Amino acid sequence: MEIKILRRVLAANEAVAKSNKELFSQHGVLVLNLMSSPGSGKTCIIEQSVEALKNDYRIAVIIGDITSTIDAQRLSGLGVPIIQINTEPFGGECHLEASWVREAALSLNLQDLDLIFIENVGNLVCPAEFDTGADKNVVIVSLPEGEDKPLKYPLMFRISSVLLVNKIDLASVLDVDKKTLHRNALQVNPNLQIFDISAKTGEGFDAWLKWIEAELRKKRQQ
Ligand SMILES: Nc1nc2c(ncn2[C@@H]2O[C@H](COP(=O)(O)OP(=O)(O)OP(=O)(O)O)[C@@H](O)[C@H]2O)c(=O)[nH]1
Ligand SMILES: [Mg+2]
């Protein structure tokens, strides 16, 4: 019985995710869904990416958290529209559902946007099960989390197009082998594009930003 109910919830989410994709396509807006454990650096990465791209592209950010507007407040100085979704009124869910993303997206002027970053709720499990309708999923693992995360939480890595390995500035003080992390990630999903970055120093951001710009060009051509 429980499985039936869960399947129904997931099927309903899939249907809304599909219509979100159509909505984003109609408006030619690229939507990137960033997912990771709490504290891997989603907000910092979005902050640096928006800073770097905002003069050339029209950007908005949708942020999911169980409660609080801490991240939205942190990003409020960027001068781009920020929408906070709190899941507490919906039972404190550990992921964003497609219908909440839709509501947030519809409150933005989609025709005036090129790019939306979604910061999903900090969690390496549930967000992978609920498609938001984003064009691409991006998973972030920060180096201190260890090499084994792709093997322990494979779904998140399977459904993502990009892996950002963040906090590489800490490599010298950690016993974490970046190459093993890459190998584990590619074992789970050989198609993953991997960028090693530091949201603190900006290292590696050029390649990540170039990937976003290539996706923006593809979106325009669709
Ligand atoms: N050394 C270092 N610290 C970083 C880096 N990126 C983020 N941090 C720090 O890591 C902490 C968490 O970063 P956030 O961006 O808040 O992480 P988050 O994934 O948004 O966290 P939640 O929203 O709670 O899930 C902060 O103290 C950041 O300053 C990095 O590349 N290097
Ligand atoms: Mg955050």
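The values are calculated or read from the model by the stated rules, or taken from the named source; none is laboratory data. Keep in mind that what you see is a predicted model, and the values were worked out from it rather than measured. So basically every Cβ, Gly included, is an ideal-geometry build from the backbone, and we count neighbours across all protein chains shown.
For ARG7, state whether it is over 22 Å from GLY122 (Cα atoms), out of contact with any helix residue (DSSP H, G or I) (no Cβ under 9 Å at 6 or more places or on another chain) and away from ligand 2 (no atom under 16 Å from the Cβ). Don't jump to the end; show me each part of the working.
On the way: over 22 Å from GLY122 (Cα atoms): yes; out of contact with any helix residue (DSSP H, G or I) (no Cβ under 9 Å at 6 or more places or on another chain): yes; away from ligand 2 (no atom under 16 Å from the Cβ): yes.
For ARG7, the condition - over 22 Å from GLY122 (Cα atoms), out of contact with any helix residue (DSSP H, G or I) (no Cβ under 9 Å at 6 or more places or on another chain) and away from ligand 2 (no atom under 16 Å from the Cβ) - is met.
All but one of (1) within 9 Å of ligand 1 (Cβ to nearest atom); (2) surrounded by fewer than 20 Cβ atoms within 10 Å (Cβ to Cβ); (3) assigned to a helix (DSSP H, G or I); (4) not aliphatic (A, V, I, L, M) hold for LYS4; which doesn't?
So LYS4 meets the others, but not (1).
Within 16 Å of ligand 2 (Cβ to nearest atom) and not aromatic (Phe, Trp, Tyr) - does that describe any residue in the range 16-26?
The answer is no, given that none of the residues of the range 16-26 is within 16 Å of ligand 2 (Cβ to nearest atom) and not aromatic (Phe, Trp, Tyr).
Do we have VAL138 as farther than 25 Å from GLU51 by Cβ, modelled with pLDDT of 95 or more and of a type in the set (Val, Ile, Thr) here?
Judged against the criteria, VAL138 is not a match.
Return a yes/no flag: does the range 90-98 have any residue that is surrounded by 17 or more Cβ atoms within 10 Å (Cβ to Cβ), at pLDDT 95 or above, under 15 Å from the mean Cα position of the chain (by Cα) and away from ligand 2 (no atom under 16 Å from the Cβ).
Looking through the range 90-98, at least one residue is surrounded by 17 or more Cβ atoms within 10 Å (Cβ to Cβ), at pLDDT 95 or above, under 15 Å from the mean Cα position of the chain (by Cα) and away from ligand 2 (no atom under 16 Å from the Cβ).
Across the range 46-74, what is the number of residues that are near ligand 2 (Cβ under 9 Å from one of its atoms), among the aliphatic types (A, V, I, L, M) and in contact (Cβ under 8 Å) with a residue 24 or more places away in the chain?
The qualifying residues number 2.
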